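Everything below concerns the one structure shown next.
Just so it is clear, none of the values below were taken in a lab; they were calculated from the coordinates. Keep in mind the model is a prediction, meaning the values are calculated, not measured. Note that each Cβ is placed from the backbone with ideal geometry, even for glycine, and that neighbours are counted across all protein chains shown.
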Ligand SMILES: [Zn+2]
Ligand SMILES: [Zn+2]
């Protein structure tokens, strides 16, 4: 190679590197078929985690009306699966205390009744409705109740703050992703890791308070969810999968604190830039929250999470639904053993 060509090649390599870097920064540019803005739902138009079962404070249509009035166009309706395992005495006492409007039978009758209400709601023409469950992450270790899970369009796993014990971290998430990949062999539906990041912050702040430490002394390093190498491993595991990480509204509680914000950006931005796919949600349970405008752009923008990251699951849900509806479709093949 001549000495004149070498600097030219070096220049080309720098140019290629810069372009790659630019593409990584612009998460929206990464996925084919997502460049047309009218083909994407905006962040505030999606809520992939709306509690609409036993804890519902008003009737289901009224509850969905509130979400639609605030701009929602796609909703995953769900309930905590473990609530259906209460005894009747426990349920009545809990229901009286919570002053819930909803009442469902317990056990499998309750699963059916809830999903039948959700099916009626999905007849609405002003919003796309999907059906899911919120399942405790611990059930991935102790054993899952498969029958209700098979009814769902998508499943969310509650990553617990583990208040009073060690908070969730990168190892928690890596373990759960491996378990979900395994579970998807039997249950081929999109799966979401619910609210991992704010749960760690909640734990650390509560622990500090309970020990008489000022939470304002918690450092970015302590808040950081991931240790060296864990983001890279997570990106590798999630690549091309149907496993999503949730940015729920709890993030908003911590985002204006500059220390939390710095940690959240350091944890989430590299994932978004590498093409990890996300969901946005309100995780609403109560009327007060449902009446507050949903503004996920506030914390999604700085963490690199764009509509493009959050539309993949919607496209997937629509495709699965369309496949099931095809005349002559083998529903068992399309949806597992549902
Ligand atoms: Zn949860
Ligand atoms: Zn929830």
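General remarks:
- Gain in span if fully extended, residue 315 to residue 262, counting 0.36 nm per residue against the direct Cα distance: 15.9 nm
- The long axis of helix 170-183 is offset from the longest Cα principal axis of the chain by roughly 60 degrees.
- Which of 136, 87, 281 has the fewest Cβ neighbours within 10 Å, and the rest in rising order: 87, 136, 281
- Here 276, 68, 259 are placed in order of increasing Cβ neighbour count within 10 Å, fewest first, which gives 68, 259, 276.
- Modelled label positions at residue 211 and residue 113, each set 7 Å beyond Cα in the direction of Cβ, lie 4.6 nm from each other.
- With contacts taken as Cα pairs under 8 Å and at least 6 residues apart, segment 112-209 reaches a relative contact order of 28 percent.
- Available extension along the chain between residue 90 and residue 241 is 50.5 nm, counting 0.36 nm per residue and deducting the alpha carbon span.
- Annotation: segment 246-338 has a Kirkwood hydrodynamic radius of 15.4 angstrom, from the mean reciprocal C-alpha pair distance.
- Surface/4 of the Cα convex hull for the chain, nm²: 21.8
- Take the Cα of residue 123, step 7 Å toward its Cβ, do the same at residue 175, and the gap between the two points is 4.6 nm.
- The angle separating the long axis of helix 88-98 from the principal Cα axis of greatest extent in the chain is about 70 degrees.
- Taking other Cβ atoms within 10 Å as a rough exposure proxy, 282, 219 sort from fewest to most as 219, 282.
- Helix 107-121 axis, angle to the chain major axis (alpha carbon atoms, nearest 10°): 70
- Here is how the number arises for the chain: DSSP H runs of 4 or more residues each give -39500 (n - 2.57), the sum is divided by the residue count, and the result at 222 nm is -14000 deg cm²/dmol.
- Averaging the sequence gap over all C-alpha pairs within less than 8 Å and six or more residues apart, then dividing by the number of residues, gives segment 51-327 a relative contact order of 17 percent.
- Net lengthening on full extension, residue 146/residue 253 (0.36 nm per residue, minus Cα-Cα): 35.1 nm
- Whole-number percent relative contact order across segment 209-338, with pairs defined as alpha carbons under 8 Å at least 6 apart: 25
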